[in-house]
Structures are given as structure tokens and as C-alpha cells.
Amino acid sequence: METFNGIPTAALDFYAALEDNNNREWWLAHKDQYDGAVQAPLAALLRELEPRFGPGKIFRPYRDVRFSPNKEPYKSAQGMFVSNHEGVGFYLQVSADGLLVGGGYHSVAPAQLARYRAAVDASASGKGLETIMTGLVAAGFTIEGQTLKTIPRGYSKDHARPELLKHKTLSASLSLGSPGWMATTAAQGHIEEYWERLRPLVDWVIRYAAP
């Protein structure tokens, strides 16, 4: 079992080159670089993170091009998702731009959306989420997710939390670039710290909106 020693800068170099060579021939010729610089370090990191954050998975590097006008066969980034609850959890991404951390949920199941909106509408839980998101923005995170253009039907146009009500999915992310600690064993601790900042959001979703 390989020990986690950091995410090498070669992982970023791999994706920078892939952007200009997104084809099967190039991938097969450089598969060893992907295995050694991307997949293996992330697999080792995942084993270290799972006891604290829950079981996880490393996404497949291949794109589903069946219904997409973009026929490039490989993803331009490698993602990892860790969760103790289906569809809600923590995210790490490696790309040519460096590291990105995130957390939240991406399900648009009708029952979950109804619970989410009810919790945003309720005074205590709604104010709690508002405080969480304000803190994340202050810490530099970007709030993301699918949103409606207007407040959903059945809620007042003068609602105290209109922007949160518009969300169908909700997450927050932070681009880290390639910090000096990325290629060292200290990367695990730093990633854990960022995920802990996201834990209040993840916990709120699990408590009030998850299936």
C-alpha cells in the first residue's frame, strides 16, 4: 500500500499537456504518467482521509461523450468525492490550474429539493444556513449550484433568504492553485483543514435536506 507523499506538480503538467492532446493515442502513450502522478497519489490520499470524512471514490478519467457535442474522450481534471451520506460530501479536484476543494450536494431529487426549501424557509434552520454561507464567502469560497432565475412558486417575493431559496443544488468551492505544500506530506493536513471549513455546510444538508 503506497504512502501519501503529496500531489506532485507532474499531475498539473499532465493535465496541461492533455488539454492540447485530448485523444486516445496520446493518453495511451502517457498512461504511466497519469497512473504515477495522478491516480496513485490520490488513491493514497483517499485512504488517509476516509477514516475522518467517510468512504470515498476517485472518479473515472473518461468522459461520457454519447450526448455531448464535445467528443474529447478524457476529462480535463481528476476529481475525488468523500461522503458519509449519499450525494452529500467533500470534493477534491486536480487539474492544470492546481487544486480545488469543495463541499455540498448536487442532487436535484424532488423530495430532497422540497426538504431543502422548507429548511431555508424555516427561521432557525434558514438563518443557520445563511450564517454558514456568509462565513464561507468571507473565507474566500465561491457559492455554486443550479439556481432558478426567480424565487420558487409558493414563497414570498420579499422572503428573507431569496438567493438561497433559488438554489436547486448547493455547494461551495475554493481554488487553491499549486501551493508550496501541495507536493509534500503536509498536503493532507491542509486539505483536511479546508474540508473542515466546509463541514458545517455538509452537516446542515445532511440534517435538513438529505434523503
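The values are calculated or read from the model by the stated rules, or taken from the named source; none is laboratory data. This structure is a prediction, so every number in the text was calculated from the model and none was measured. Reconstructed Cβ throughout: ideal geometry from the backbone, glycine too, with neighbour counts over all protein chains shown. Only protein heavy atoms, including side chains, enter the accessible area calculation; ligands, DNA and RNA are left aside. Shrake-Rupley method; radii C 1.70, N 1.55, O 1.52, S 1.80 Å.
The modelled label-to-label distance for the pair E163/T185, using points 7 Å beyond Cα in the direction of Cβ, is 4.2 nm. Per-residue Karplus couplings for segment 101-118, computed as 6.51 cos²θ - 1.76 cosθ + 1.60 with θ equal to phi - 60°, are listed in order as 10, x, x, x, 9, 10, 7, 10, 4, x, 5, 5, 4, 5, 5, 4, 5, 5 Hz, Gly and Pro entered as x. Taking all protein chains into account, the per residue accessible area for the chain stands at 51 Å² (1.4 Å probe).
Ellipticity at 222 nm from helices only: DSSP H runs of n ≥ 4 in the chain, each -39500 (n - 2.57), divided by the residue count, give -13000 deg cm²/dmol. Taking every lysine pair in the chain that is 8 or more places apart or spans two chains, those with Cα atoms closer than 15 Å amount to 5.
Sorting 198-209, 112-123 by average packing, meaning the other beta carbons within 10 Å per residue, from highest down gives 198-209, 112-123. Sorting 148-158, 97-107, 131-141, 71-81 by average packing, meaning the other beta carbons within 10 Å per residue, from highest down gives 97-107, 71-81, 131-141, 148-158.
Considering only alpha-carbon pairs that sit under 8 angstrom and 6 or more positions apart, the relative contact order computed for the chain is 25 percent. Across segment 53-63, coupling constants 3J(HN,Hα) worked out from phi with the 6.51/-1.76/1.60 Karplus curve, θ = phi - 60°, read 10, x, x, x, 8, 9, 5, 5, x, 9, 8 Hz, and Gly and Pro carry x.
For Cα pairs less than 8 Å apart in space and 6+ apart in sequence, what is the mean separation divided by the residue count of segment 1-108, i.e. the relative contact order in percent? Can you show the working numbers first?
Details: 151 pairs, mean separation 27.6, N = 108.
The value is 26 percent.
Can you figure out the FRET efficiency of E193 with R63, using R₀ = 30 Å and their beta-carbon distance, to the nearest 0.05?
Working: r = 31 Å, r/R0 = 1.05.
Given R0 = 30 Å and the Cβ-Cβ separation, E is 0.45.
At a 1.4 Å probe radius, carbon and sulfur cover how many percent of the accessible area of the chain? Don't skip to the end; give the middle numbers.
Working: 5510 of 10840 Å².
On the chain, the fraction of accessible area on carbon and sulfur atoms equals 51 percent.
Taking amide H atoms as placed 1.01 Å from N in the peptide plane, the amide H of H167 lies under 5 Å from those of L148, each 5 or more residues away in sequence or on another chain.
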